Amino acid sequence: MKISTKGLLCFWKVSFGTRYRELEERPGEMLVDSHGRKINYLRLSVTGRCDLRCRYCRPRDGGAHSAEPEPLTDEDLLLIATTSVRLGIEKIRVTGGEPLVRKGIVALLRRLAAIPRLSKLVLTTNGLRLSELADDLRKAGVESLNISLDSLRPERFSRITGGGDLRRVLSGIERAQNCGFPHIKLNVVVMRGINEDEVEEFASLTRDRPLRVRFIEYMPAASADCARGITVPGEEILDRLAKRYRLLPMEKEELGGPARYFRIEGGAGVVGVITPVSCHFCGDCNRIRVTSNGVAKGCLFSREDVDLKPILRKKDPTGLRNALLDVVRYKPDRHPLCPEGLGGEPIAMSVIGG
Ligand code: SAM
């Protein structure tokens, strides 16, 4: 039997439309948590799969590619996103795993970008597939890209990422720049004894390219067997850079995230530090997360999570709305991470989305 798009739309309206209208009638609410923070940013993980195997990200390596279907369908993700935007979310970051390994990702992004009143749709990727996909992502409505890159040395990059090909990432970054993505961000997780000696080289990329190179403190939470004590504090990174360059501090931007930015005098781009361990920024936290298996979290490290899957299975937009409101309501005032780690079960960044 052939069903037209119009027919499907009609079926959808009859089935879920009445409940869905409840949300439509209350547009533009503002989400404020019990600590007075305005929540306007959702990190949406669309897959737990990845084509790299960074040890710090994946506690137990279950294989880079699994053929299993994603736990959340496109319709689930769209309902979560639409409901969040109606509640007050303004910016959505699509993450993973590696979001670009999800089947149909470009079409999904196009639909996410079309959500009324969403101000920004952005994406975090390892960059491996950008050479092929950057144009499509731009056309789909992705506004900006964060690309993870922990080394500029091919062998070291391969070691950190479990076999990644640096050349592919570098040509992906170039392609993304050529097709008009503004201020591409490079995320560098700085690890003592592993890549800390590259911070100057990374910073020098901003001299003649409009890149934002952000140095992120390694969070000792992802893997029980990963070495402790490899976090390099943001202040140490800045001291290192200040010995080589004159750093000019920059103003913070609305929806700009937790990085503190500096321009190297005369540089086209900027460098930044993100310090979740040495100097947490929980007081300004504006985000909630939904993991690739449909769990909503008020904090990267919170264990009081809400499983959205039963609600999604029932196609219950009011239930979903209430669940998201609960996540905001019970968002902890700060995360429990300290330089010694987290305690308890390791956290799977690859599922949560970083
Ligand atoms: N596959 C994509 C990528 O590589 O960017 C998106 C997922 S990845 C989990 C998102 C971000 O989390 C990356 O920038 C990654 O470096 C960061 N991340 C993962 N584990 C981390 C850790 N233990 N400490 C600091 N950052 C971490």
Inset, instruction - Output the helices (runs of 4 or more DSSP H) that fall wholly within segment 1-119 and possess 1 or more residues being modelled with pLDDT of 75 or more, or say none. - result: 74-87, 105-113
Inset, instruction - Within segment 139-183, track down each residue that is small (Gly, Ala, Ser) and in a loop (DSSP other than H, G, I, E, B). - result: 141, 151, 162, 163, 164, 180
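Residue-by-condition table, conditions (1) aliphatic (A, V, I, L, M); (2) away from the ligand (no atom under 16 Å from the Cβ):
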| site | (1), (2) |
| --- | --- |
| 81 | yes, yes |
| 86 | no, yes |
| 96 | no, no |
| 102 | no, no |
| 126 | no, no |
| 140 | yes, yes |
| 149 | yes, no |
| 159 | no, no |
| 162 | no, no |
Inset, instruction - State which residue is nearest to residue 236 (Cα to Cα) when the search covers only segment 150-167 and only residues that are crowded, with 18+ Cβ neighbours inside 10 Å and without any contact (Cβ under 8 Å) to a residue 40 or more places away in the chain. - result: 157
Legend entry - Positions within segment 256-271 being within 25 Å of residue 38 (Cβ to Cβ) and of a type in the set (Phe, Trp, Tyr), in sequence order: 261
Legend entry - Given (1) part of a helix (DSSP H, G or I); (2) among the small types (Gly, Ala, Ser); (3) out of contact with any Lys or Arg (no Cβ under 8 Å at 6 or more places or on another chain), index of the condition residue 257 fails: (1)
Legend entry - segment 115-146, residues that are over 20 Å from residue 212 (Cα atoms), free of Cβ contacts under 8 Å to residues at least 40 places away in the same chain and either buried (at least 19 other Cβ atoms within 10 Å of the Cβ) or not hydrophobic (A, V, I, L, M, F, W, C) (or both): 116, 118, 132, 133, 136, 139, 140, 141
Legend entry - Test result for residue 196, touching a helix residue (DSSP H, G or I) at 6+ places or on another chain (Cβ under 9 Å) and surrounded by fewer than 15 Cβ atoms within 10 Å (Cβ to Cβ): no
Inset, instruction - Return yes when residue 199 is within 23 Å of residue 125 (Cα to Cα) and either part of a helix (DSSP H, G or I) or modelled with pLDDT under 95 (or both) and no when it is not. - result: yes
Legend entry - Residues being aliphatic (A, V, I, L, M) and either surrounded by fewer than 17 Cβ atoms within 10 Å (Cβ to Cβ) or more than 17 Å from the chain's Cα centre (by Cα) (or both) - total across segment 168-187: 4
Legend entry - Residue within segment 203-212 that is under 23 Å from the mean Cα position of the chain (by Cα), within 14 Å of the ligand (Cβ to nearest atom) and either among the charged types (D, E, K, R) or surrounded by fewer than 18 Cβ atoms within 10 Å (Cβ to Cβ) (or both) present: yes
Legend entry - Index of the failed condition, residue 187 passing every other in (1) within 12 Å of the ligand (Cβ to nearest atom); (2) of a type outside the set (Asp, Glu); (3) assigned to a loop (DSSP other than H, G, I, E, B): (3)
Legend entry - Meets criteria (buried (at least 17 other Cβ atoms within 10 Å of the Cβ) and more than 15 Å from the ligand (Cβ to nearest atom)) for residue 290: no
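The values are calculated or read from the model by the stated rules, or taken from the named source; none is laboratory data. Remember, predicted model here, so these are calculated numbers, not experimental data. All Cβ positions, glycine included, derive from the backbone under ideal geometry; neighbour counts span all protein chains shown.
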